[in-house]
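Report on the structure given below.
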Amino acid sequence: MSILGVPSIFLKHFWTIKITLIPLRRTRMESSGETTRISIVDGTIDPPPAPVRTTRRTEKAPLLQRKLFSSLGGLNGIINNPEQSGYTEFGNSTSSNSGGASTSSSSSRTLGTFAGVFCPVALSMFSALLFLRVGFIVGNAGLLWTLGQFVIAYSILTFTVFSICAISTNGAVEGGGAYFMISRTLGPEFGGAIGALFIVANIVSSALYITGCVEGIVDNFGPHGSVGDFIPNNQWWRFLYCSGLNCLNLVVCLIGASLFAKTSVAILTIVGVCLLSVFASYFQHGDFEVEFPSNPNDTGLFTGFNGTTLDQNLHSNYTVDYTSGQQVNFAIVFGVLFSGVTGIMAGANMSGELKVPGKSIPKGTLSAVGFTFVVYVLLSILTAATCQKVLLQNDFIFMMKINFWPYFVTVGIMTATFSASLSNLIGASRVLEAVAKDDIFGSMLRSVTKGTTESGNPVVAVLLCFFFVEMFLLIGALNVIAQLNSVLFLLSYFAMNLACLGLELASAPNFRPAFKYFSAHTASIGLVGTLVMMFVINAIYASMSIIACLVLVILLHLFSPSKSANWGSISQALIFHQVRKYLLLLDSRKDHVKFWRPHMLLLVANPRGCSPLINFVNDLKKSGLYVLGHVQTGDFDSMDSDPMDNYVHWLNVVDHLKVKAFINLTVARTVREGMHHLVRISGLGAMRPNTIVFGFHDELVPVDFFVNKGSDRFKDHFPLRAPDNKLVMEEWIDMVKDVIRMNKNAVIVRGMNNFDKNLISKTRNMFIDVWPINFFSGDANSLMDTTSLFLLQLACILNMVSSWKHLTLRVFLCFTNNTDQNREEAADREAELRRMLQILRIKARIVVVPWENVLNLQVSSGEPMVDSSPQWPVNTIKKRYIEGVNGMVREHSISTAVTFMYLPEPPLDSRDYLDYYARLKNMTEGVEPCLLVHGVSPVTSTSI
């Protein structure tokens, strides 16, 4: 069964992909005979369109007049139709012209495999190498090394083509070719950087090939030319000839892709005929001498097929290049060879004009690579078997002189170089258009997007590229940067292999290329090969190109309007793959206390009212796990929508506050029940919270911390709660008790509303205070229990953060000095504390505080100082004693940035909750900010 001629199996695989077909396929309704449109997306049937009156074209305008001016005339349509600007991704096309008729993005796709891919790739890989450099390579490297170099070069190119084929057959490919594939895989920053360098490479290549074409024209038709003396020759005349050829390229590009395809096919046909004449010339009988261009008195011998000649040409014999005076070596020969065959992207650059890019790019590119490889191998063997080595080393255009009609080679040189320059110009314009439509460089290139015709021809991009080619022609000395040009091409191939290797290593289920000969091994070989070739050709240029690419990546990451474009960057897939792998390796059974770090779960009612607390806990986590947990209370069945839809807004909060935190949201009937959810399900594997942080239950009115600049996007989210809509005290204490029962460390934070981190970072002589004593037991000797050590650990961690390093950590030691024995015990405890801090590597100042006056408010003289239970019953703790403790702490906290205090365990009997809460409130009143801490597991280690 099929729908609109599309097999049902196709629809089965692609039904879930949101696509738009414009114009929609038409089918006849058998009942009415009317034309009807059926939407594949939603299955709806549109009413038949109004009849459209058509007129038959009868004018007989010349091709240039009709196509050029109709192409330019389409500019008005695109400028007045802004919906067509903006680059599409994976088949999403735009529609609706001014007349209301639908237009298809495929209407501008006119090229098939042969004209759109095979011809441009074959011509680009022939370029000047085919007729001008084969003798140079064979004469210096020898036949064996020449064949070896071709095998190496083509192996690297073939593996890179495999990567191109894999990406191009894994989804719809829009215009932009290599840039589109790289940017949609590696992201806008890397894609934009490679795209910019690729545009420069194509522009310089176009100028280089135009220069080569002009040199061929002057050498044949200029003064002392081999054909005749028909044209003048000097620097400015050459520039004029180059400009003329550049203008011819411009005209072809302005007419559009169809003329380019016809031109490419015609030029490849001409080059093929010239190539056949060269092959035929090798089969001439007899031998004859050929004069050297550098010295006509010296000659080399064309021997015809001769075993001795072949034997002499088997091995390498590097000499001096007669055109430059430079000593030739393996790297130079291989650089010349490789730089001549780097045109494998010529077909991919035309992806926007190809009817079926996913089919044409692999087929056309691979067949062109195979065809040119066979041609070069045959040409090398025939050359080595018929021409003396001295001839090959001293006459690079020997093919013209041994040809039975030399003009064949002349025509071949000029057409091959001209076609390569045309291919590079049109490729540069298409990539420039794609980069502009993606808004990678912002306003710098936005004018380019307004200059695309209705048929899809990027006129403004073509004109810009033409202008830059003209500038490079005016600069001259293009041979100096020829190697840099090859390196830039190789850099783009490196990125292509990197993109494919990343997709393969990420094991993304949606990476299912139809091209089956690709693997991680082929991508790796292509990756390493292109990188090595960059440095073989020119190590300095390779280093400069890589540095330029990295600088562009950084600049685009910081300033590009498209830096947040959601194109599905491969980095996210690779990160997921690696994180998953290492999370499985992280075994909670192998945890050791010396590698302990705080994994924080901060319970947040509303981020609008607790931004300072979120920032503070971010400093306290010490590269540990940090989770912001929120409980939405209510009955899920009665809710209109899922409250978890706010998840994106919470992520925006994390970005706004610049904290390194995860978000975990849940729905529960009560906050306490929701807290159980969060404590148990937060984290993954061995990475789970071990410390739960609460805000203190107080009567303060919520403060809006999102009123500052940059918080406008939250104005419709996170409304502040009403003062009477808060957690009840009993449930809050139950939550603290539950956390301890779940064997999690508990931290209660009070007084963060007035916390100013910027003020602390600028102020000197401030302190981080630690009171490692349970004031609900009066035991001043409890310095070594779990909670006291946990207090010291958290304070030390905070003091290690860069913005808190300048603060001094103080540890308070309470003692009674009413007797000599007490004073001796206090001295011993101070020495013990100092020794403990030294063992734990905690740099802190010990402050000894006499507190017998405070303690006497709870324990009368003569009574034992410590009760037999872990702490006094809450209802026996006197208010005046707690107020005395509060006064003592406040007296020593005048210059304190934050205070850490011991959190007593909540009472088991809920009837004591009110007293417990009252004592905590009285003890911490005015001590802001203050952290009440209760530890349940060892967190310090003295081992190495």
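The values are calculated or read from the model by the stated rules, or taken from the named source; none is laboratory data. It should be emphasised that the depicted structure is a prediction, and the values quoted were computed from it without experimental measurement. Every residue, glycine as well, gets a Cβ built from its backbone with ideal geometry; the counts of neighbours run over all protein chains shown. Surface areas here come from the heavy atoms of the whole protein model, side chains and all, with no ligands, DNA or RNA. Shrake-Rupley method; radii C 1.70, N 1.55, O 1.52, S 1.80 Å.
Details
- Nonlocal amide H pairs with Val848, under 5 Å, H built at 1.01 Å: Leu813
- Overall size of the stretch 333-489 from C-alpha positions, given as principal axis extents largest first: 59, 40, 29 Å.
- Applying the criteria of a DSSP loop state and at most 13 other Cβ atoms within 10 Å to the trypsin sites (Lys or Arg not before Pro) of the stretch 819-856 yields Arg841, Lys843.
- Projected area averaged over orientations for the stretch 202-246, convex hull of C-alpha atoms, nm²: 2.9
- Approximate shape of the stretch 573-626 as ellipsoid semi-axes (Cα gyration tensor, √5λ), whole Å, largest first: 27, 17, 9
- The H on the amide N of Met766, modeled in the peptide plane, is under 5 Å from the matching H of Thr808, each at least 5 residues off or on a different chain.
- Here is the size of the stretch 533-635 from its Cα atoms: Rg then Dmax, 21.7, 69 Å.
- Average projection, convex hull of the Cα set of the stretch 290-359: 8.9 square nanometres.
- Those lysines that a straight Cα-Cα span of less than 17 Å connects to Lys359, excepting residues fewer than 8 apart in one chain: Lys516
- Val579, Val936, reordered so the largest accessible area comes first (probe 1.4 Å): Val579, Val936
- In plain terms, if you count all Cα to Cα distances in the stretch 878-921 and split them into 10 Å steps from zero, the share in each step is 23, 47, 25, 5 percent.
- Residues of type lysines that Lys401 reaches as a straight line, Cα spacing below 29 Å, ignoring anything fewer than 8 places off in the same chain: Lys389
- Pairs of Cα atoms in the stretch 116-178 fall into 10 Å distance bins, from 0 up to the last occupied one, in shares of 18, 39, 27, 13, 3 percent.
- Working from Cα pairs under 8 Å separated by at least six residues, relative contact order for the stretch 529-654 is 17 percent.
- For trypsin sites (Lys or Arg not before Pro), the sites in the stretch 673-758 that DSSP calls loop and that have at most 12 other Cβ atoms within 10 Å are Lys709, Lys715.
- Listed pairs Lys563/Lys594; Lys594/Lys660; Lys762/Lys843; Lys594/Lys805; Lys581/Lys843 exceeding 30 Å between Cα atoms: Lys563/Lys594; Lys581/Lys843
- Every pair of different Cα atoms in the stretch 750-798 enters the Kirkwood calculation, which places the hydrodynamic radius at 12.9 Å.
- Rg/Rh for the stretch 207-280 stands at 1.04; both radii use Cα atoms, and Rh follows the Kirkwood definition.
- Rounded accessible area of Asp912 (nearest 10 Å², 1.4 Å probe): 40
- In straight-distance terms, cross-link reach from Lys878 covers every one of the lysines whose alpha-carbon lies under 19 Å from its own, apart from those fewer than eight places away in the same chain; here that gives Lys921.
- Hydrodynamic analysis of the stretch 266-385 uses the Kirkwood radius over alpha carbon pairs. Inserted into Stokes-Einstein at 20 °C and 1.002 mPa s, it gives a translational diffusion coefficient of 121 µm²/s.
- Percent RCO, i.e. relative contact order, over the stretch 604-722, from Cα pairs under 8 Å lying at least 6 residues apart: 36
- Relative contact order (percent, whole number), the stretch 726-816, Cα cutoff 8 Å, 6+ residue spacing: 29
- Rolling a 1.4 Å probe over the protein chains gives Trp596 an accessible area of about 50 Å².
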